Amino acid sequence: MPVIRCAVVGSPIRHSRSPLIHRLFAEQFGLALRYDKREVAAGGLAAVAAALAAEGLRGINVTIPLKEEAWVLATRRTARAAAARAANVLSFEADGGIEADNTDGVGVVRDLLGHGVTLAGRCILVLGAGGAARGIVPALLEAGARRLLVANRTATRAAELVREFAALGNIDMLPLDGRCDEAVDLLVNATSAGLTSMTPPPVPAGALAPGTVCYDLVYGSGETSFLRWARLQGVTIRIDGLGMLVRQAAVAFERWHGLVPTTDPVTKALRRRL
Ligand code: ATR
């Protein structure tokens with residue numbers, strides 16, 4: 001059986017869990033897969049993607065800081081990638097084309113639903129307006145959110161994001177130091193605050209109620225700073241981004257290999273190794 005090849009590119013890439021996730025998925029089907037990781041700095045994606053496509057790779061996952069470059073490089077885009085203006089999956093097609101997809105949003109939605117969290121009819125507050133927020137906001141609106149609020153340190157970025165996705169549903173911005181006029185059902189941290197320091201991002205007053213679900217796109221070996229903050233506020237349902245990481249990878253795996261992997265055992269295996 002010929003070995004299928006895929007890879008993940010970005011910087012820093014050393015600690016990427018994607019090779020392990022894809023290997024564990026491949027084992028579920030006895031698929032002969034070689035999945036590499038490649039350090040690629042900003043500005044370097046086009047040359048590397050061309051080389052990898054020429055080597056016969058089926059596709060690549062793209063991570064920080066290349067998601068916008070990946071979007072630009074693509075010759076076609078799925079609707080959700082087009083909306084996000086950022087891509088985390090590139091597929092090299094037989095005709096030489098490159099298809100961009102963004103599976104971050106579907107990853108979050110599936111993970112939340114998998115945890116029994118309802119999204120339809122809910123009020124959701126997203127903290128952050130960067131690339132991560134762009135990927136998930138359209139998916140949350142499409143999942144039926146009744147109201148989606150965006151709060152960001154730089155208000156102009158939140159305003160821009162809100163303007164861009166206004167056609168998809170009821171979306172509005174909120175100053176980080178402002179007051180929420182209703183407690184939200186779901187509070188999502190899509191900032192990078194917890195990645196770089198142990199200080200969680202500020203949260204608008206009035207947003208939290210004991211029943212609010214707190215979801216952090218960040219994950220780590222211990223509790224994230226945002227989820228620690230949520231626990232100290234009395235929030236009982238707190239979910240980190242590991243499940244989302246595995247689920248967004250599953251969508252890419254399905255796109256490349258036409259096989260639907262089981263995600264829960266892979267998330268558990270990863271959790272043990274963090
Ligand atoms: P990503 O692609 O991971 O979203 P990004 O585009 O650099 O990365 O966006 C990072 C997000 O985290 C932004 O919303 C950023 O706020 P600004 O738009 O004001 O820069 C937010 N962020 C980063 N550090 C933060 C902090 N210490 N407190 C609050 N928000 C922070």
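Bear in mind these aren't lab numbers, they're just calculated from the coordinates by the rules spelled out. Note that the structure is predicted; figures quoted are calculated from it, not measured. When we count neighbours, we look across all protein chains shown, and the Cβ atoms used for this are built from the backbone with ideal geometry, even at glycine.
Some values worked out for this structure:
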| quantity | calculated |
| --- | --- |
| Using alpha-carbon coordinates, inclination of helix 104-114 to the longest axis of the chain, degrees | 70 |
| Pairwise Cα inverse-distance average, inverted: Kirkwood Rh of the chain (Å) | 19.0 |
| Helix-derived mean residue ellipticity, 222 nm - over the chain, DSSP H n ≥ 4, -39500 (n - 2.57), to 500 | -11500 deg cm²/dmol |
| For segment 1-159, the spread of Cα positions along each principal axis, largest first, Å | 49, 35, 31 |
| Top positive-direction residue, dipole computed over the chain with Cβ charges, set 24, 7, 154 | 24 |
| Extended-chain gain in nm, criterion 0.36 nm per residue less alpha-carbon gap, residue 1 and residue 177 | 57.6 nm |
| Burial order of peptide ranges 136-143, 195-202, 88-95 (average beta-carbon count within 10 Å, highest first) | 136-143, 88-95, 195-202 |
| Per-residue HN-Hα couplings for segment 34-49 [Karplus 6.51, -1.76, 1.60; θ = phi - 60°; Hz; x = Gly/Pro] | 10, 10, 9, 10, 9, 6, 9, 7, 3, x, x, 5, 4, 5, 5, 4 |
| Sites matching GluC sites (Glu not before Pro) across segment 16-70 that sit in DSSP coil, with at most 11 neighbouring C-beta atoms within 10 Å | 55 |
| Cα Rg, Dmax (largest Cα-Cα span) when computed across segment 94-196, Å | 14.3, 52 |
| Crossing angle, helix 264-273 versus the chain [Cα axis fit, 0-90 degrees, rounded to tens] | 90 |
| Per-residue HN-Hα couplings for segment 19-26 [Karplus 6.51, -1.76, 1.60; θ = phi - 60°; Hz; x = Gly/Pro] | x, 5, 4, 5, 5, 5, 4, 4 |
| Segment residue 233-residue 54, extension gain: residue separation times 0.36 nm, minus the distance between their alpha carbons | 59.2 nm |
| Amide H contacts of residue 213 (H built 1.01 Å from N, under 5 Å, at least 5 apart or other chain) | 186, 187 |
| The chain: angle of helix 242-257 to the longest principal axis, Cα-based, in degrees nearest 10 | 40 |
| Two-site FRET efficiency, residue 268 against residue 94, from Cβ-Cβ distance with R₀ of 45 Å, rounded to 0.05 | 0.80 |
| Ranked packing of 256-267, 183-194, most packed first, by mean Cβ within 10 Å | 183-194, 256-267 |
| Nonlocal amide H pairs with residue 8, under 5 Å, H built at 1.01 Å | 36, 37, 38, 61 |
| Separation of the residue 156 and residue 42 label points, Cα + 7 Å toward Cβ, nm | 1.7 |
| Segment 31-69 residues near the modelled residue 254 label - backbone nitrogen below 19 Å, point 7 Å along Cα→Cβ | 31, 59-62 |
| In order through segment 115-131: 3J(HN,Hα) via Karplus (6.51 cos²θ - 1.76 cosθ + 1.60), integer Hz, x for Gly, Pro | 8, x, 8, 7, 10, 4, x, 9, 9, 10, 10, 9, 8, x, 9, x, x |
